[in-house]
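S.K.: One structure is given below, represented as structure tokens, and several questions about it will come after.
The values are calculated or read from the model by the stated rules, or taken from the named source; none is laboratory data. In this text the structure is predicted, and so the values were computed from the model without any measurement. In this analysis, Cβ positions are derived from the backbone assuming ideal geometry, glycine residues included, and neighbour counts consider all displayed protein chains. Accessible surface is based on the protein model in full, side chains and every heavy atom, while ligands, DNA and RNA are left aside. Shrake-Rupley method; radii C 1.70, N 1.55, O 1.52, S 1.80 Å.
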Protein chains: 2
Amino acid sequence: MTCGPPFPSRRRLGARPMPGERPYHQAMAKRVTINDVAQAAGVSRQTVTRAINDMGEINEQTKQRVLEACQKLGYRPSRFARNLVVRKKTRAMGYLVASFRNPYFTEIAGDLLNAAAERGWHVVMASTETEDEPNALDMLSGQVDVFIGHFVQNDDALARASGGIPLVMLERPSSRPGMHSVEVDIREGVREAIQALRTKGARRIGMIDSSYSLRASPTYEPSPRRGYFEELVGGESTGMVVVGEESMAGGGRAFAELVATYPDMDAVLAFNDLMAIGAVQASHALGIEVPRQVKICGFDGLTLGEAVHPTLTTVSIDRHALVSSALDIADALAAADFGVLPPMRRTVRPHMLWRESA
Amino acid sequence: MTCGPPFPSRRRLGARPMPGERPYHQAMAKRVTINDVAQAAGVSRQTVTRAINDMGEINEQTKQRVLEACQKLGYRPSRFARNLVVRKKTRAMGYLVASFRNPYFTEIAGDLLNAAAERGWHVVMASTETEDEPNALDMLSGQVDVFIGHFVQNDDALARASGGIPLVMLERPSSRPGMHSVEVDIREGVREAIQALRTKGARRIGMIDSSYSLRASPTYEPSPRRGYFEELVGGESTGMVVVGEESMAGGGRAFAELVATYPDMDAVLAFNDLMAIGAVQASHALGIEVPRQVKICGFDGLTLGEAVHPTLTTVSIDRHALVSSALDIADALAAADFGVLPPMRRTVRPHMLWRESA
DNA sequence: GGTATGACCGTGAACGTTCACGGCATCTCC
DNA sequence: GGAGATGCCGTGAACGTTCACGGTCATACC
């Protein structure tokens with residue numbers, strides 16, 4: 001039998017709790033380590049390692065014996081201890097999916113996955129829809145070398161939550177070191193859309209803005225798209241904006257309101273495709289013929305736009321260019337061993353995607 | 001100056017390479033550790049820890065000095081070392097997304113994220129569309145306690161790749177310990193669909209099968225849905241099956257072929273909603289009125305089915321029940337400290353979702 | 001002046017694994 | 001029968017953190 005410790009109880013986390021101690025918490029199960037397995041199998045640590053990683057230099061029978069011991073004890077190697085010692089080149093990126101309810105983000109995810117695999121990157125994802133951004137960042141900050149995503153929080157909060165890991169921010173300018181960005185020239189997109197609708201004969205153009213579009217503030221504030229719209233549309237279309245929830249249904253309701261308020265409206269630019277599709281559907285219900293009576297133009301270029309009838313004309317954001325620009329930055333970061341670099345910025349230009357609704 | 005090592009060069013991974021050594025590989029950059037920072041700031045490890053984790057017991061000026069040193073050296077704490085010592089309860093699950101081109105899987109991802117967050121789980125995701133399954137599994141096996149996904153590989157391959165981490169397989173039976181499953185009663189779904197179409201007056205029912213539906217084999221083999229369809233449909237509909245690529249376009253082509261081959265066909269059951277939507281679109285092009293001339297029924301219950309015109313009638317798989325069953329299993333696994341348990345199996349029953357296309 | 005208090009900082013140990021060795025048999029070859 | 005090769009196994013060290021202490025001052029208090 002063993003005596004007590006020579007000096008006042010310097011017990012560690014995993015140590016066996018003294019009787020009567022830890023009365024309310026469930027005693028934390030002591031982890032089964034490689035040493036336990038080694039002891040059970042009557043061999044050394046290293047032999048266990050050889051068995052579980054089948055590395056050779058081990059007798060087949062011994063191996064089986066070790067493997068059985070693993071099974072019996074329920075041994076599971078610690079990923080942390082393992083990674084601590086091997087230090088492999090991960091090149092893993094974390095992608096924060098802003099929402100799974102808007103196909104825009106999942107389509108980007110798909111494109112990113114493809115392109116990343118081609119360039120030798122691993123991708124892990126987390127959602128910021130349910131989990132708040134700092135949480136998601138914190139959770140993944142241990143696993144990845146760079147973050148990519150449509151971020152919401154302000155720069156300070158991001159810097160704090162990212163744990164020193166560089167960020168590539170999508171559709172948002174970056175200013176400080178360690179944060180980089182791929183922007184979309186929204187103004188140009190809005191300009192093209194308005195011009196396109198005009199050349200198709202539109203006179204009075206309305207707009208559907210989103211009440212919440214990845215903005216941190218809980219109250220509505222006009223999106224940049226609305227800003228550019230109001231700046232550029234002018235003439236008799238001034239002020240024809242309605243705000244709706246960022247979804248198909250929200251787009252539908254906003255469209256109905258727009259039609260009711262401005263009976264002579266002959267074209268609509270929607271905040272995004274999801275809302276535009278809602279508008280197209282609402283037009284059926286309202287007996288409005290698209291594009292003859294009202295032209296509808298979306299924003300994003302979702303493939304989903306092909307599923308509706310009439311198919312959706314839209315300002316397409318080149319997702320391929322978006323993700324490959326982001327990956328360019330990530331590669332540059334990797335080349336610099338993920339140090340803190342001055343902001344890199346890329347911009348992609350959207351373009352009109354002509355389909356049937358305008 | 002220091003002398004050489006007392007015994008023949010026992011260099012480690014991170015040591016400075018001797019000149020002439022490692023001639024072709026880029027020298028692996030030595031990691032900046034907490035000790036480097038401590039030295040640079042003229043303090044001890046522990047003080048650095050206190051600074052970066054703001055733990056108190058530290059002078060504000062010292063803290064700033066340490067933080068500056070971190071910044072300057074580009075110090076990034078090792079997640080592995082950190083986790084190794086704290087041993088926190090992670091409860092992280094890995095979700096393998098089968099495809100980002102089929103909204104079915106991304107909708108499940110969204111639901112899973114929501115439900116998992118509610119139950120205190122972290123979720124990391126990887127795609128098996130670009131990366132092969134064993135790779136994805138291997139990559140995440142270090143980060144999570146349980147895997148969930150629509151798996152393709154056979155049980156042996158999965159057992160090998162999962163690194164001893166328990167699996168929850170979606171829509172697939174499990175047989176061996178450590179692998180669990182949530183199945184969908186496909187037969188019941190097909191039965192309901194056929195019966196529903198019949199009560200709506202359908203006589204000659206065709207089916208569109210998928211040429212590839214998460215099956216490992218590269219050649220076509222009939223899906224279970226087709227099997228049940230052929231078993232249950234009988235009568236004058238026997239043999240009316242066409243195979244197409246698993247996409248909207250594939251569904252459209254298959255529909256056209258079906259119509260051409262069986263001119264008196266009055267209803268179609270599609271492998272999934274994606275293909276069914278393709279069929280609905282094709283019907284427009286072919287001048288076929290849905291549901292008057294041909295009724296179309298999908299399978300999955302995507303919200304996307306509401307975007308098409310007419311909206312898609314479908315056999316809906318309750319994704320909420322699916323993921324919450326999976327989470328039940330995950331919770332049970334967590335309660336057992338993620339040991340190897342005998343297979344747990346749940347089943348969810350699909351149900352008809354009446355919309356306009358049938 | 002002695003003692004308690006508090007603010008701040010440093011040191012050994014531990015987390016669980018793999019790496020680089022060294023060692024001991026046994027076998028092979030001339 | 002010695003030298004080398006080969007198969008198999010074990011031991012110290014290292015990975016980079018945090019924890020539990022133990023210090024050292026300066027200040028406060030009686």
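S.K.: If you go through segment B:311-327, how many residues are in contact with a Lys or Arg (Cβ under 9 Å, 6 or more places away or on another chain) and surrounded by fewer than 19 Cβ atoms within 10 Å (Cβ to Cβ)?
M.R.: Matching residues across segment B:311-327 total 3.
S.K.: Follow-up question, since we're still on this one. What is the one condition in (1) open to solvent by 10 Å² or more (accessible area, probe 1.4 Å); (2) within 21 Å of residue B:82 (Cβ to Cβ); (3) at the interface with chain B (Cβ under 10 Å from one of its Cβ atoms) that residue A:159 does not satisfy?
M.R.: Against the list (1) open to solvent by 10 Å² or more (accessible area, probe 1.4 Å); (2) within 21 Å of residue B:82 (Cβ to Cβ); (3) at the interface with chain B (Cβ under 10 Å from one of its Cβ atoms), residue A:159 comes up short only on (3).
S.K.: From (1) open to solvent by 20 Å² or more (accessible area, probe 1.4 Å); (2) in contact (Cβ under 8 Å) with a residue 40 or more places away in the chain; (3) closer than 22 Å to residue A:319 by Cβ, pick out the condition that doesn't hold for residue A:270.
M.R.: Only one criterion is unmet by residue A:270, namely (1).
S.K.: Kindly provide the set of residues from segment A:29-66 that are outside any helix (DSSP H, G or I) and either open to solvent by 50 Å² or more (accessible area, probe 1.4 Å) or within 10 Å of DNA strand C (Cβ to nearest atom) (or both), ordered by number.
M.R.: A:29, A:30, A:31, A:32, A:33, A:42, A:44, A:53, A:54, A:55, A:57, A:59, listed by residue number.
S.K.: Separate question: Restricting to segment B:69-102, count the residues that are more than 7 Å from chain A (Cβ to nearest Cβ), open to solvent by less than 30 Å² (accessible area, probe 1.4 Å) and more than 16 Å from DNA strand C (Cβ to nearest atom).
M.R.: 9
S.K.: Which of the residues belonging to segment B:120-139 are more than 7 Å from every other protein chain (Cβ to nearest Cβ) and either at pLDDT 85 or above or surrounded by 21 or more Cβ atoms within 10 Å (Cβ to Cβ) (or both)?
M.R.: B:121, B:128, B:133, B:136, B:137, listed by residue number.
S.K.: What pairs can you find where one residue is in segment A:39-59 and within 14 Å of chain B (Cβ to nearest Cβ) and more than 10 Å from DNA strand D (Cβ to nearest atom), the other is among the hydrophobic types (A, V, I, L, M, F, W, C) and in a helix (DSSP H, G or I), and their Cβ atoms are less than 9 Å apart, with a gap of 6+ or different chains?
M.R.: Close Cβ pairs satisfying both conditions: A:52/A:34; A:52/A:37; A:52/A:66; A:52/A:67; A:52/A:70.
S.K.: Would you point out which residue out of B:276, B:330, B:285, B:336 is out of contact with any Leu (no Cβ under 8 Å at 6 or more places or on another chain), within 12 Å of chain A (Cβ to nearest Cβ) and either buried (at least 22 other Cβ atoms within 10 Å of the Cβ) or more than 27 Å from residue B:239 (Cβ to Cβ) (or both)?
M.R.: The unique qualifying residue is B:336.
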